[in-house]
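The values are calculated or read from the model by the stated rules, or taken from the named source; none is laboratory data. Keep in mind the model is a prediction, meaning the values are calculated, not measured. As a convention, Cβ positions derive from the backbone with ideal geometry for all residues, glycine included, and neighbour counts pool all protein chains shown. Surface areas here come from the heavy atoms of the whole protein model, side chains and all, with no ligands, DNA or RNA. Shrake-Rupley method; radii C 1.70, N 1.55, O 1.52, S 1.80 Å.
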Amino acid sequence: GPARPSPAILGQASKTMEAIFLDLPVLPGLEMEVHQGLVALAAQPWPGGADLHRSQDQDTGYAFTLSTGIPPQIGETVTDLKPGTVGFFNENTVDVRMVSGTLISVSKDDVLNGANTLAIEHDQGEWEILQFRDATLVDAKTWRLKGLLRGQLGTEHVRNEAADLVSGARVVVLDSGLNAVEMLTTDAGTEFWWRAVPSGGDIAGDLVVPKPNAFR
């Protein structure tokens, strides 16, 4: 698929924030409607909070959209991920280096109750939801995940069953670091320009990069 931007670029300037958009099914435990998209607002180091603004025009007309004080847990795969099988635990592994956050092992029952849920990006904007049972620290901020449940919540179609997902895929933990974007049902499919800034920051600042995205 197309090249994915590496989360590592987030470390260059604390004033630089990135909006990571996720078009996902309704997630259990998250207040969201079917037509709403999700966004993770990421920066290294975390500035304490983040705001998101949007407009249908790249340059003007930006309206405040949401604010969060909770940083997302994000990372990237550093090994290839086999296609696996949907419907039961896979014992193949994938190594994930986290830019922010940590990963832990949980019981099989906890996984079945919704714990340890990740989104992993296969192609631009195409996210598979998977869960993991075991997380073993194998290197600095790098965990080997095993006991995988693949294609969760109806995302099995994202997987390429004939090929491994090569390393460098972006990973986002599906937790309170994700934010549902307030949208009208008529906004679905409409491309907006988005600007993410540290809380109270100037959306016209030099380091603010407008980013287009349409939620399906």
**Asked** Lysine pairs, Cα distance under 26 Å, 8 or more residues apart or cross-chain: how many in the chain?
**Response** 7
**Asked** Roughly how compact is the stretch 110-199, stated as its Cα Rg over 2.2 N^0.38 Å to two decimals?
**Response** 1.28
**Message:** Going by Cα centres, the stretch 103-177 and the stretch 17-94 are how many Å apart?
**Reply:** 14
**Prompt:** Once label points are set 7 Å from the Cα along Cα→Cβ at both Leu66 and Asp164, what is their separation, rounded to one decimal in nm?
**Reply:** 3.5
**Fill in**
Computed over the chain, the relative contact order (Cα-Cα under 8 Å, seq sep at least six) in percent reads 29
**Prompt:** Ignoring any ligand, DNA or RNA, what whole percent of the accessible area of the chain comes from carbon and sulfur when the probe is 1.4 angstrom?
**Reply:** 51
**Asked** Only one of the listed values, [x] 19.1; [y] 20.7; [z] 17.8, was derived from the coordinates as Kirkwood radius over Cα pairs in Å; which label is it?
**Response** [z]
**Approximate spin-label separation Ala140-Leu207, in nm, with each point projected 7 Å along Cα-to-Cβ** = 2.2
